[in-house]
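A short worksheet on the structure shown next.
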Amino acid sequence: MTRPVAVVLGAGIGGGGVARALAATHQVVVVDRGSSKAQTLAAAIGGEAVTADLLDIDSVTAMCDDLVARYGRVDTVIHLVGGWQGSSSVDRDALAAWNAIAPGVFGTLRVTSVGFREALLASEGAYVMVSSTAAHRPTAGNVAYATAKAAAESWMGGLAHSFADSSARAVIVAVKALVTADMRAAEPDRAFPGYTDVDALGLAIRGILEGDTVANGARVDLTEE
């Protein structure tokens, strides 16, 4: 039997932290819309890089079917796709910000949760979304981002409900923002209050996957107060 298969959606700084944390125990598949970042990250951890249109259900289903055919299973999908757009208020800029980020933050989660759901049921696996504390604390300046995250969390609630009669889990992990060692080094005088280190994020998700104490439908807040 192969090692558990973890599909990391997004090759940004969060995806890097999660992929590194899982590399020793999982077969990690890094998925990104651009091949360069995915290939660089996958090569660094001994994983596999895949490019796919995560807004197209046929593309996602084909990717899932291919992974199951080659590895025999998909155990985990971790959603780290998004980006951030702000606005000065609830204004036209907020509408533009929504249009820019909603497909990545919300649309890709909807499509991939549907595309991988049956595989996760079969493996008794987990779909993990990395969310933001902003989802429950909207402001005029982050209204588009907060709304997209809140909508995605609501969808996750429905996914968790669909897993109710199984051992599969839908889990939300919330952070204020992410920080890397390079970011701290570039701004040594900045405190980054409440930020979560990307490596800590990866370890937290690995703990969720390797334990059974985090229930289906849980929301884990990693904010450092």
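Each label point is 7 Å from the Cα along the Cα-to-Cβ direction; what then is the distance between the points at Thr133 and Thr25, in nm?
If labels sit at Thr133 and Thr25, their model points lie 2.6 nm apart.
Name the long-range amide H neighbours of Val30: under 5 Å, sequence gap of 5 or more, or other chain; modelled H, no Pro or chain starts.
Val8, Glu48, Ala49, Val50
Can you tell me the 0 to 90 degree angle between the C-alpha axis of helix 13-22 and the longest principal axis of the chain, rounded to 10?
Computed tilt is about 30 degrees.
Over the range 5-221, what is the mean sequence separation of C-alpha contacts under 8 Å (at least six apart), divided by residue count, expressed as relative contact order in percent?
21 percent
5 Å is the cut-off here: which amide hydrogens, built 1.01 Å from N in the peptide plane, fall below it relative to Val173, excluding neighbours closer than 5 in sequence?
The list, which skips near neighbours in sequence, is Met129, Val130, Ser131, Val220.
222 nm [θ] for the chain, helices only, -39500 (n - 2.57) per DSSP H run of 4+, per residue, to 500?
-14500 deg cm²/dmol
Round to the nearest 10 and give me the degree value, 0 to 90, for the angle of helix 35-45's Cα axis relative to the longest principal axis of the chain.
70 degrees
Kirkwood Rh, Cα Rg: Rg to Rh for the range 1-103?
Expressed as Rg/Rh, it is 1.07.
Can you tell me the length gained on complete extension of the stretch Asp66 to Ala140, counting 0.36 nm per residue apart and subtracting the Cα distance?
Contour length minus Cα-Cα distance gives 22.3 nm.
Tell me, what HN-Hα J-couplings in whole Hz come from the Karplus equation 6.51 cos²θ - 1.76 cosθ + 1.60 at θ = phi - 60° for each residue of the range 191-203, using x for Gly and Pro?
Each residue of the range 191-203 in turn: 7, 6, x, x, 6, 10, 5, 4, 6, 5, 4, x, 5 Hz.
Quick one: Karplus J couplings for the range 124-136, per residue in order, coefficients 6.51, -1.76, 1.60, θ = phi - 60°, nearest Hz, x for Gly and Pro?
6, x, 9, 10, 10, 9, 8, 10, 10, 4, 4, 4, 9
Angle, helix 108-123 long axis vs. longest principal axis of the chain, Cα atoms, 0 to 90°, nearest 10?
30 degrees
In debye, nearest 20: dipole of the chain around its Cα centre with unit charges on the Cβ of K, R (+) and D, E (-)?
80 debye
Which log10 I(q)/I(0) values does the chain give at q = 0.12, 0.17 Å⁻¹ under the Debye formula, counting every alpha carbon as one identical point scatterer?
-0.61, -1.27
No value in this document is a laboratory result; all are computed from the given coordinates. What you see is a predicted model, and the numbers here were worked out from it, not measured in a lab. Note: ideal-geometry Cβ built from the backbone for every residue, glycine included; neighbour counts use all protein chains shown.
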